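Heads up, the thing below is written out as structure tokens.
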Amino acid sequence: MLYKTEGIVLKSIEYEEADKIVTIYSKNFGKIQAIAKGVRKTKSKFGSSLEILTYAIFLIYKGRNVDIISQTEILESFFSTSREVVKFAFAANCVEIVDKLTEERETNIGLFNLLKEVLHYLRKTNDPKLLTLSFRWQVMSILGYKPSLHHCCRCDKTINDQKEVYFNIKEGGVICHNCISKNKEGCIQISLYFLKLSRKLLITPLSVISKATIPDIRIKELEKITNLFLTYYSEKRFKTETFLKSLKKD
Ligand SMILES: [Zn+2]
């Protein structure tokens, strides 16, 4: 049986003499792995379509044990020139995040579109760091870990402009003054700028963010909290899934 889907190549690993094992984030089926035979021969029909960051249409044969890529058609090759080394590194990091945070065959068209957009706009933006940090927040939000940025995580009180604002990674968002005075454990002080920025980044299309820039000092704060947040929730996600899998085995 053959199936067809658009997808973006997350990973491409050499296999045996002339084959490749390709990991694709597909529009219709989520993450899939398939083998492409004879790719590394000089006259392969696949050309460069199975390189990392390629957006293509894939025609795949559903095998009993492993799926086999039958045909490909490139729609957009996000980074074809080696001149853009820095942007390539940012793009490679985006596909790595998607690879790490997803399980095979879990369809998520929102995530697919977001990945396609970030790769597309990375080529145009002057601030690849801001764009990819925004991408991380939006990925977390799509996967169900949207931070609480308008209401206190503990008492649900609305957080308006305060002199001191605190963020708690584990509790998943901001903590109000009253709650902070009772228990400050695990809370990081953040700037009001960060609070307003992160609220915007969660709801602004990447096409718009790709045209914006912010000062270096603000990027540093954003980077620090983004990475703490992503690390914490991605590990949590993996742990949950490992746990669920171990249950299924019994
Ligand atoms: Zn509170």
Here are the criteria: (1) open to solvent by 20 Å² or more (accessible area, probe 1.4 Å); (2) in contact (Cβ under 8 Å) with a residue 60 or more places away in the chain. Tell me which single one E84 does not satisfy.
(2)
Of K31, K45, K41, the only residue that is modelled with pLDDT of 95 or more and not acidic (D, E) is K31
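Restricting to region 166-217, name every residue that is part of a strand (DSSP E or B) and either aromatic (F, W, Y) or open to solvent by less than 30 Å² (accessible area, probe 1.4 Å) (or both).
Initial filter on region 166-217 (part of a strand (DSSP E or B)): 166-168, 173-175, 187-190.
If the condition is that a residue be part of a strand (DSSP E or B) and either aromatic (F, W, Y) or open to solvent by less than 30 Å² (accessible area, probe 1.4 Å) (or both), then Y166, F167, N168, G173, V174, I175, C187, I190 are the ones that fit.
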Of everything in region 169-189 that's without any contact (Cβ under 8 Å) to a residue 24 or more places away in the chain and over 10 Å from R154 (Cβ atoms), which residue is nearest to the ligand (Cβ to nearest atom)?
H177
Here the qualifying pairs (Cβ atoms under 7 Å; residues six or more apart or on different chains; first in region 149-165 and farther than 18 Å from K200 by Cα; second near the ligand (Cβ under 8 Å from one of its atoms) and open to solvent by less than 60 Å² (accessible area, probe 1.4 Å)) come out as C153/I175; R154/I175; R154/C179; C155/C176; C155/C179; K157/C176
Tally time: how many residues in region 137-165 are under 28 Å from the mean Cα position of the chain (by Cα) and not in a loop (DSSP other than H, G, I, E, B)?
9
Within region 90-131, residues within 17 Å of S12 (Cα to Cα) and over 14 Å from the mean Cα position of the chain (by Cα) come out as E104
In region 7-27, which residues are within 16 Å of Q71 (Cβ to Cβ) and within 21 Å of the chain's Cα centre (by Cα)?
G7, V9, V22, I24, S26
Taking region 19-70 and keeping only residues that are part of a loop (DSSP other than H, G, I, E, B), open to solvent by less than 20 Å² (accessible area, probe 1.4 Å) and either without any contact (Cβ under 8 Å) to a residue 12 or more places away in the chain or among the polar types (S, T, N, Q) (or both), one is left with S49, G63
Can you tell me how many residues in region 190-228 are within 16 Å of the ligand (Cβ to nearest atom) and in contact with a helix residue (DSSP H, G or I) (Cβ under 6 Å, 6 or more places away or on another chain)?
0
Which one of the conditions (1) free of Cβ contacts under 8 Å to residues at least 40 places away in the same chain; (2) away from the ligand (no atom under 16 Å from the Cβ); (3) open to solvent by less than 80 Å² (accessible area, probe 1.4 Å) does E73 fail to meet, given that it meets all the rest?
(3)
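The values are calculated or read from the model by the stated rules, or taken from the named source; none is laboratory data. Quantities reported herein were computed from a predicted structural model and do not represent experimental measurements. Every residue, glycine among them, receives a Cβ derived from its backbone with ideal geometry; neighbour counts consider all protein chains shown. We work out accessible area using only protein heavy atoms, side chains counted, and drop any ligands, DNA or RNA first. Shrake-Rupley method; radii C 1.70, N 1.55, O 1.52, S 1.80 Å.
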